[in-house]
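See structure below.
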Amino acid sequence: MTVHMVSDPTTLASTVSGGRKSRDVIFLIGLWVAMLLCTATLLTLLVDTFVTGRSKLTWAFLSGHPDPFPEDAGIQSAILGSLWVVIPSGLGALFVAICTAIYLEEYTRTDSRIQKFINLNIQTLAGVPSVVFGILGLAFVARGPLSWGFTVGTAAMVLGMMILPVMIVAAREAIRAVPSSLREGSMALGATKWQTIRRQVVPAAVPGIATGSILGVSRALGESAPLIMLGALAYVTFNPSGFGDYYTVIPLMIFKYATEAQTEFQVSAAAAIIVLLVMMFALNFLAIVIRDRSRKAW
Amino acid sequence: MAEDQQEAVRLRQEQDVFRHSHGWLEHGATTSGKATVSIGISGTGGGFEKFCKNETDISNASRAINATEAVNCAKAGVTYTEIIVANDGLAVVVNPKNSLTCIKMTELKAMWAPGTGTSGPGKATQWSDAIPGNTTGALKLYGAGSDSGTFDSFNTFVHGRSTTSRTDYQATENDNVTVKGVAAELGAIGYYGLSYAEENAKLNKALQIDNGKGCVAPKISTVQDGTYAMARPLYIYVKKAAVAKSPVIREFVKFYLDNADIIAADALFVPLTKVQVNTARGAVNAI
Amino acid sequence: MASTFTTEPTESGPLSPLVDLLPSGQKRRQQTYERIIRVVLTMVASVAVVITLGVVASLVQPTYQFFQEVPFGDFFGSTKWYPLFDPPGFGVWPLVVGTFMVMVIATLVAVPGGLATAFFLNQYASDRTRRYLKPILEILAGIPTVVFGFFAVTFVSPNVAQKIWPVGEVGFYNALSAGLVVGIMILPMMTTLAEDAMASIPRSLVEGAYALGATRREVCTTVIFQAALSGIIAGAVIAISRAIGETTIVLLASGSNAEFTFNPGQAMQTLASFIGFAGIGDQPTDSTGYRTIFAVGSLLFIVTFVLNMVSIRIVRKFREVYE
């Protein structure tokens, strides 16, 4: 927040001694350096990637399948694989997140033991490194009790578990933001608790929930570490047609191309990065539009 | 599983050999139009494990199946046929700016030997530790991971035993890591399959190997006649049950053998000799 | 916050008094329906708990088995890590040191950088600058780790790491470029957390300092920094925890040679990148090599869990001060 000055700092500052002033200047330079570090890094990353990969951004690349010969390499199976994995995981996590948020906000008292307990679990999950989710998936989903193997379903489940904490937090904040007058009015008109929640609270919270879940999905789209553990096959030359199919996703395709020795593959990696960033950017833009459009006045 | 899933030919093989089966796939696309092929990459050991667990139908390998793995397959009721599909060798590569052109097997052994026992950090840290008088400086080693058939092959050639190796080097299942590392660092030396050497000739320089009888360069002729010290065959293991269930697989293998020369050339492998082709055909027909 | 109306969860749920006017059959049905809904919601809400337990459970049994086969002394007492060789070496210290080095480099980038950016946003930035800077930070925060990894290998390593490190040679795979890029990755997180902490300081403190003639720098370094200190520390701890758990960037940029060294110009392996490395290759499922994944995973989980708890504690303490 900007502090609104009661008195203009410059008038008092003019009485500041030279030594103090030079330290002020040095400090400010330090801050600018930090700022420029962020901006410059981002710009370099985007420009470098774009320049490297631009030539490969053709329809052939988007519609072709991976190939050991770089000229023919494409990412269609990765794009569709990503969609097959991310959309179900997002929907699944969304459902659980909304239910959990409703339960926590409407059915438990604040600071009750159960709320604290669930909160602790959510915070723990949020702090778990992504690769550990890969271990969880390896032990219980790909092998172990579920034994779904290294398939689309496994990936969707593991990513869903990973983005769940983020989704829960977003859903809770959205529900919390709904003013209590809405609830009270509804109850006063004779609605039951669940009717109130279902017909008043949740619909009012939809924009916030939508924004949060889009951001969660965007995150799932870019994940690589857990899926590395879940043996996303190296070259999958077909699009998935079911949850039991083998798959690959765009981040893993990037990973694969990035480790290739020949520079032609670096170009493919950069092109795939551009595709991924465009997809994520579009999602985030959608989230911002929803958020801005639905700033209702209560 | 859906109809066309049953036709799925699931391959599992090592990075080195990957190029090979993919070339096979490309050319075979027309005949096996109905099959969906998915290829996984892992070390040879991991590949055999999946093979014996019935997770794959064909396993490509850069070494023969070993006794333990054969026992595991037998226990799981998996019967298979072993077919040699190409010849390959191991290339030892250095940075193009390195003036060395020929290396002795004894020198390789000194470079890659563990300090004590059969595994552990090695002793040599400078090029001069292995090659007296060499001025390249610090030794940077790149090689295959311990699950890889290339690892087994290399160690068998150099140390006489497949699992003897020093452990403090850049180990990877992905030979590209080695290619890049060797291309970037002057003091680097690494090893991988010959096909990779041909493909990356501009980035890495393959050394001639001297096994006591003079320096031999890795070439098609020297690999086929065995004068190159580190020549090895490439195998596929085909599950008999899978062939019985789906004729597509037999067609697949047959197609390969009929076009062995083209495919091997494309994938930069050393093609089979006529004798080898006949043996393989016999094996396939017998399935 | 849910209104006081509804914070008395009872078995039958607070049905509106008007429901009492319904015919008794309907009322009972409604009550049962509400009860069922509540049960369903409770069960779904417990999924988060189940998952956490799942994470722990997936680690515990294989780790226990691992330590039946590998004595604690080997794991914690040796600096030789080559678990996938024959015979294997199980000393975990090279991974711990590798993790530590990457973490230190990342922290040296992210904490001062993040703090400085936060100060800038809090005290110095005009609305216009803020409108540019905030989206830049958000975009940086959203970039996938694999993209950062690619950037580390193709750009940072040759152009930055190898040029700025004064001591000795910097190899092709090195911990320095991994650390620098991990630092950039966590910098937006650090900035946001630090800025939130700064924004919660009562304005009276800040305005009072200005009124007494302090310059902006002095206000930042004395009043704001000290008042927001616990929030800043909590934020730093979270960012550090994230750096420790980072896998992809390190895998791509720092290689897979688990050497026990403190020289960032060399390739190193971290706890997280070892797990990724071992996960890519296929270890036979019933081997000790396979179980090292879980043992290292347990260690990683414990470290990040402890850090997470520490930061929550600090935040809780911080919240008390002003309320």
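Bear in mind these aren't lab numbers, they're just calculated from the coordinates by the rules spelled out. All values derive from a computational prediction rather than experimental measurement. Here the Cβ is made from the backbone with ideal geometry for all residues, glycine too, and neighbour counts use every protein chain on show.
Once the Cβ-Cβ distance between A:Arg293 and A:Leu182 is put in as r, and R0 is 22 Å, what FRET efficiency do you end up with, to the nearest 0.05?
Efficiency for this residue pair is about 0.65.
Which entries of B:Lys109/C:Lys163; B:Lys50/B:Lys180; B:Lys97/B:Lys219; B:Lys109/B:Lys219; B:Lys109/B:Lys274 have Cα-Cα distances beyond 25 Å here?
Where the Cα-Cα span goes over 25 Å, the pairs concerned are B:Lys109/C:Lys163; B:Lys50/B:Lys180; B:Lys109/B:Lys274.
Scan chain C and note any complete DSSP helix (H) whose C-alpha atoms cover at least 15 Å along its axis and whose Kyte-Doolittle average is 1.0 or more.
Within chain C the helices that satisfy the rule are C:47-69, C:93-119, C:175-199, C:229-244.
Go ahead and set up a Gaussian network model of chain C, Cα springs under 10 Å, then flag whichever of C:Val47, C:Val160, C:Val296 fluctuates most.
So, out of C:Val47, C:Val160, C:Val296, the one fluctuating most is C:Val47.
Non-local amide H neighbours of B:Tyr80 (under 5 Å, H modeled in plane, Pro and chain starts lacking H): which ones?
Here the answer is B:Lys240, since their amide H atoms fall under 5 Å of that of B:Tyr80.
What is chain A by shape, rounded, prolate or oblate, if you read a ≥ b ≥ c off the alpha carbon gyration tensor as root eigenvalues and call it rounded for a/c under 1.5, prolate for a/b larger than b/c, and oblate otherwise?
oblate
Given the C-alpha centroids of the range C:67-91 and the range C:129-179, what is the distance between them in whole angstrom?
Cα centres, the range C:67-91 to the range C:129-179: 33 Å.
Would you mind classifying the range A:15-56 by shape? Square roots of the alpha carbon gyration tensor eigenvalues, ordered a ≥ b ≥ c; an a/c under 1.5 is rounded, otherwise it is prolate if a/b is larger than b/c and oblate if not.
Because a/c hits 1.5 or more and a/b exceeds b/c, the range A:15-56 counts as prolate.
Where the centroid of each part is defined by its Cα atoms, how far is the range C:254-323 from the range A:109-130 in Å?
Each part's Cα centre sits 21 Å from the other's.
Are there DSSP H segments in chain A that both extend 18 Å or more along their axis (alpha-carbon positions) and score a mean Kyte-Doolittle hydropathy of at least -1.0? List them, or say none.
Sorted by number, the helices that extend far enough and score high enough are A:18-53, A:76-106, A:113-127, A:152-176, A:202-222, A:263-293.
Using Cα-Cα distances under 8 Å and only pairs 6 or more residues apart, what relative contact order does the range C:203-310 have, in percent?
23 percent
Given the options C:Thr154, C:Thr247, C:Thr261, state which has the largest fluctuation in a GNM of chain C using a 10 Å cut-off (strictly under) for Cα springs.
C:Thr154
Between C:Leu53 and B:Asn134, what is the label-to-label distance in nm when each label sits 7 Å out along the Cα-to-Cβ direction?
Between C:Leu53 and B:Asn134, the simple spin-label model gives 5.9 nm.
Can you quote the Å³ per residue value for the convex hull of the Cα atoms in chain C, rounded to an integer?
About 221 Å³ per residue, rounded to a whole number.
Using label points projected 7 Å from each Cα along Cα→Cβ, tell me how many nm separate B:Glu55 and B:Ala74, to one decimal.
In this crude label model, B:Glu55 to B:Ala74 measures out at 2.4 nm.
Return a whole-number percent for the relative contact order of the range C:92-322, with Cα pairs under 8 Å and 6 or more residues apart as the contact set.
31 percent
Taking the Cβ of each residue in C:Tyr124, C:Tyr132 as the centre, tally the other Cβ atoms inside 10 Å and list the residues starting with the fewest.
Arranged by neighbour count, lowest to highest, C:Tyr124, C:Tyr132 become C:Tyr132, C:Tyr124.
Pick from A:Met161, A:Met279, A:Met187: which is most flexible by mean-square fluctuation in a GNM of chain A where alpha carbon atoms under 10 Å apart are linked?
A:Met187
Rounded, prolate or oblate: which fits the range B:89-231 when a ≥ b ≥ c are the square roots of the eigenvalues of the alpha-carbon gyration tensor, with rounded for a/c under 1.5 and prolate only if a/b beats b/c?
Rounded shape, in that the Cα axes give a/c under 1.5.
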